[in-house]
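A short reminder: the numbers here are calculations on the coordinates, not readings from a lab. Everything quoted here is computed from the prediction, not taken from an experiment. Using ideal geometry, Cβ is built from the backbone for each residue, glycine included, and neighbour counts are taken over all protein chains shown.
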Amino acid sequence: MTQAGHVPGAGSAAASASERARRDMLRDARVTARGGARPRIGADALCEAILLQGSDTIWGYPGGVILPLYDVLVDHPELRHILVRHEQAASHAADGYARASGKVGVCLGTSGPGATNLVTGIGTAMLDSVPVVFITGNVPNALIGKDAFQEIDITGITLPMTKHNYLVRTADEIPYAIAEAFHLARSGRPGPVHVDITKDALMGETAATHPSAAEIEAGLPGYKPKLDGHPRQIKLLAEAIAGAQRPVILAGHGVLIAGAERELLELARAAQIPITWTLLGIGVIDETDPLAYGYMGMHGWKHVNRAIQSADLLIGIGMRFDDRVTGNVRTYAPKAKIAHIDIDPAEIGKNVVADLPIVGDAKHVLDALLPLVTKVDPATRADYFAELATWRTESEGSSWHGSGGFRDGVLSADFVVDRIAAGSNFDANLTADVGQNQMWVARYGGFRRANSHLSSGGLGTMGFALPAAMGAAIATPDKVSWAIAGDGGFQMTLQELATIVQERIPVKIALMDNKKLGMIRQWQEIVYAGNYHSEQLAGPDYLKLCEAYGLPAWKVSKPEEVDAAVTAALAADGPALIWFEIAERQNVYPMMPAGKGLSDLIDKWGDDGEDVTEGATGPRVDPMDPTSGGAK
Amino acid sequence: MTPTTTARSLPGSGDERRHLIVAIVNNKPGVLNRVASLMRARNFNIESLAVSVTERSDTSRMTLTIVGDEVHVEQAAKQLYKLIDVLKVQDVTDDSIVEHEFALIKVRATKRSRPEIVSVAEMHRAKVVDLGDEAVIVEAVGDPTEIDTLVELFREFGIKELVRTGSVVMSRGSGSIEEQVKR
């Protein structure tokens, strides 16, 4: 839908036209009020620097010390500022914008509470290696350290959860700091960078010019991301692949960040290796591809975890063997040699011992590896793939897979996710929240496109779905963006309904309402012997809520109503919400209790029905104690 | 638990010992805080940390002593390297190095014990830098075990104050970690 005359980030063509008129009117009014020309100040340099870096959207919220920037925004009409309702939402929106587009997200907040409200979003971006530049205002230089109004040591707070951070005190420093921040955010292992700018710096007159990319790199002697893997190690990997009988690829977020999906597929095809993926690796391969085997880990597919446990070679690419992936490391893939490719040397050997470590960018390493790989005739792997196929059939056909859509007319969550994905031609951005809904999206989203799955994997941030989907919708206006949230996560950031209505951001919301904190309830049922507490969650009448916000909405409680509602929501011009009243007691299976291994998956509990009575009996499993019984 | 034939070993031998890490860092405000914060956040225990400017005014040198097994310490070094202001990190524990620490010890003294304190200091190549009626300040330079020995000896007299800088190290021969920093 990108077209001539399109206002950056405005969404549809209609929105673009009115957005342009609104901005022209605002600019004229401001210029008149100011009485004409004015000197260039730090805030101007900031806007210029952001635009020079190729970002056109700022997610933000004004406040006292950041007002000098809002005073000049009108003079930089190419930059769209989207006003959110809470800074946390701005942080996730900038994150979602970056995840969906691969561009650097930009987020803005004022000092004090404006800045502390960004902290959850900064942590989310850090744990998932998302390039976002967070900009905050700070009090005037003379007030720093004086406990001034809305003053907090925000660079002290963000230091351990950013790739780097800055405190900028003069206008002249701004161009360099912003350019360096963008460079750090997007290069190497990406991550959030925070630039705290005092009011003096924003207001000070400056003639400082913008540095070139070469100048920025020259100014960072301590920062040289290693892109190319060691040739000898790559050769050893090619040999290991040639000798393996049961190899499995574990593909992670690093493959998507490097844009190495094609190379990954070439490797898999050449050497006939099934591809499995981590939560953030979803989308590395079209899930309908014959070599796409599935999602791994704690709530991954049983057949996938089985393949990993029986493998003789694991090739981890751009992933970090985190505890949700390996379970108990002692029992993880006991027969496998582990090859580990990652751009961050600190990830190698951190969680598992790598027999074959390769530090480098996924694309660079795979490019170097491919010419060395011995082609494998599919016939020689026939037995292996036949076994994998059998496991897959067993796993997908077992009782916990909700492919039947519903039991006794109750709406099952996995069925809803499947219909949303299918109704959007498996091409939409699906943004998950955290909890059961996140696992249903990961398992049943049927992803076919890179960067179409957005999920807070590392930090596990509830409230992520709606604001991150706003970011995705602005970043990729030609794609449909769904926010699939549970009633818990949705109620954490639902104030953003006002934002999507005011800014006409066409997010489609699927509210998966089981009137519970579902994952909490599931753990209390299985791990805490049915000792339920604080899992019942009341919510408003969401139709009335949407009416109040001016948002079209539908309520669905029967399986046969799902498709029509999805079609109607997609047809609505702009944002819309579907309130799915899903089964109240559906569990996510399989499940690996904490401390257990990938072979210890639970795939059934009690009578496993939606109406299993509370206080289900069964041996107690202590999540912290791997020796306690009940899991297997 | 499902029995497995062979348990995968966890990273690290568990064989803990004291490691000496040298880091060359940008001489900027807040860099010490970044290093200290990283060590805290990642659960590395710094036994000692010495910081000073290098031959170049724009860089500082940090000497850290960390106790842990080889993987633990390697992880600390790798994490340090990820800090943008860290230019070079080296574990010099097994290198041929000179390791020295500086200490000031204020020893409780009487007229009678003073000569004995002075002779203990002299025997250990320590220097008396302040001689009072009730206290003697001894300055000592040496490797940490030599200073430990001296401190033990002075405990008999009573130590009123003790300050140690932590180890600083330099590799023997012509090699220079500072010259290895790429610019």
List the trypsin sites (Lys or Arg not before Pro) in region A:143-182 that DSSP assigns to loop (not H, G, I, E or B) and whose Cβ has at most 10 other Cβ atoms within 10 Å. Which are they? A:LYS146
Which one, A:VAL104, A:ALA17, A:MET203, projects farthest toward the positive side of the charge dipole computed for the protein assembly as shown from Cβ point charges (K/R +1, D/E -1)? A:MET203
Please identify the trypsin sites (Lys or Arg not before Pro) of region A:217-265 that satisfy two criteria: DSSP loop assignment and at most 15 other Cβ atoms within 10 Å. Which are they? A:LYS226
Taking the Cα centroid of region A:39-109 and of region A:312-357, what is the distance between the two, rounded to the nearest whole Å? 38 Å
About the Cα centre of region A:471-589, what is the dipole size in debye to 20, counting +1 per Lys and Arg Cβ and -1 per Asp and Glu Cβ, all else neutral? 140 debye
Regarding region B:130-183, what's the average projected area of the Cα-atom convex hull, expressed in nm²? 5.9 nm²
C-alpha long axis of helix A:42-52 to longest principal axis of chain A, angle in °: 40 degrees
What translational diffusion coefficient, in µm²/s and rounded to a whole number, does the Stokes-Einstein relation yield for region A:144-292 at 25 °C and a viscosity of 0.890 mPa s, taking the hydrodynamic radius as the Kirkwood radius over Cα pairs? 128 µm²/s
Which value at 222 nm does chain B reach when only helices count, each DSSP H run of 4 or more adding -39,500 (n - 2.57), with the total divided by all residues and rounded to the nearest 500 deg cm²/dmol? -8000 deg cm²/dmol
What is the mean number of Cβ atoms from other protein chains located within 10 Å of the Cβ atom of each residue in peptide B:78-85, rounded to a whole number? 6
log10 I(q)/I(0) for region A:105-227, Debye formula on C-alpha points only (no solvent), q = 0.17, 0.21 Å⁻¹, two decimals, reads -0.85, -1.20
Per residue of A:330-337, other chain Cβ atoms within 10 Å number on average 4
Among B:ILE66, B:ILE21, B:ILE159, which one moves the most in a GNM of chain B with springs linking Cα atoms closer than 10 Å? B:ILE159
Treating only the Cβ of Lys, Arg, Asp and Glu as charged (+1, +1, -1, -1), what charge dipole size does region A:185-297 show about its Cα centre? Round to the nearest 20 debye. 460 debye
What is the Cα coordinate range of chain B on the first, second and third principal axes, sorted by size from largest, in whole angstrom? 70, 51, 32
Select from region B:1-104 those GluC sites (Glu not before Pro) which occupy a DSSP coil region and have at most 15 other Cβ atoms within 10 Å, ordered by residue number. B:GLU16, B:GLU55
Find the relative contact order for region A:448-591 and round it to a whole percent, using C-alpha pairs within less than 8 Å whose residues are 6+ positions apart. 24 percent
Grab every C-alpha pair in region A:373-514, bin the distances at 10 angstrom width from 0 up to the longest one, and report whole percents. 11, 35, 29, 16, 7, 2
Using +1 at the C-beta of Lys and Arg and -1 at the C-beta of Asp and Glu, which of A:MET319, A:LEU370, A:ILE343 has the Cα lying farthest in the positive direction of the dipole of region A:312-383? A:MET319
Near the amide H of A:ARG246, under 5 Å away, which other amide H atoms are found, from residues 5 or more places off or on another chain, if H is placed in the peptide plane? A:ASP312, A:LEU313
Sorting B:MET123, B:VAL141, B:SER171 by the position of each Cα along the dipole of region B:102-183 (Lys, Arg +1; Asp, Glu -1; all at Cβ), the one nearest the positive end of that ordering is B:SER171
Order of A:112-124, A:370-382 by packing, highest average Cβ count within 10 Å first? A:112-124, A:370-382
Using Cα pairs closer than 8 Å and at least 6 residues apart in sequence, work out the relative contact order for region A:472-527, in percent. 43 percent
Can you flag which of A:LYS103/A:LYS479; A:LYS479/B:LYS82; A:LYS350/B:LYS88; B:LYS28/B:LYS182 are past 25 Å Cα-Cα? A:LYS479/B:LYS82
Taking chain B as a Gaussian network, Cα atoms linked when under 10 Å apart, which of B:ARG112, B:ARG18, B:ARG42 shows the biggest mean-square fluctuation? B:ARG112
Can you give the Rg to Rh ratio of region A:279-401, both from alpha-carbon atoms, with Rh computed by the Kirkwood formula? 0.96
Whole number please: convex hull volume per residue, Cα atoms of the protein assembly as shown, in Å³. 202 Å³
Which distance in Å, rounded to a whole number, links the C-alpha centroids of region A:453-498 and region A:540-585? 16 Å
So for region A:486-589, considering every pair of alpha-carbon atoms, how many percent are separated by more than 17 Å? 56 percent
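With charges set only on the Cβ (+1 for Lys and Arg, -1 for Asp and Glu), what does the dipole of the protein assembly as shown come to about its Cα centre, in debye to the nearest 20?
It comes to approximately 540 debye.
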How high is the relative contact order of region A:385-518, given as a whole-number percent (alpha carbon pairs under 8 Å, six or more residues apart)? 22 percent
Using alpha-carbon positions, what is the distance between the centroids of region B:131-177 and region B:40-81, in Å? 21 Å
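Can you give the average number of partner chain beta-carbon atoms within 10 Å of each beta-carbon in peptide A:343-355, as a whole number?
4
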If packing is taken as the mean number of other Cβ atoms within 10 Å per residue, what is the order of A:333-343, A:237-247, highest first? A:333-343, A:237-247
Rounded to the nearest 500, the 222 nm mean residue ellipticity computed for chain A from DSSP H runs (n ≥ 4, each -39500 (n - 2.57)) alone is -10500 deg cm²/dmol
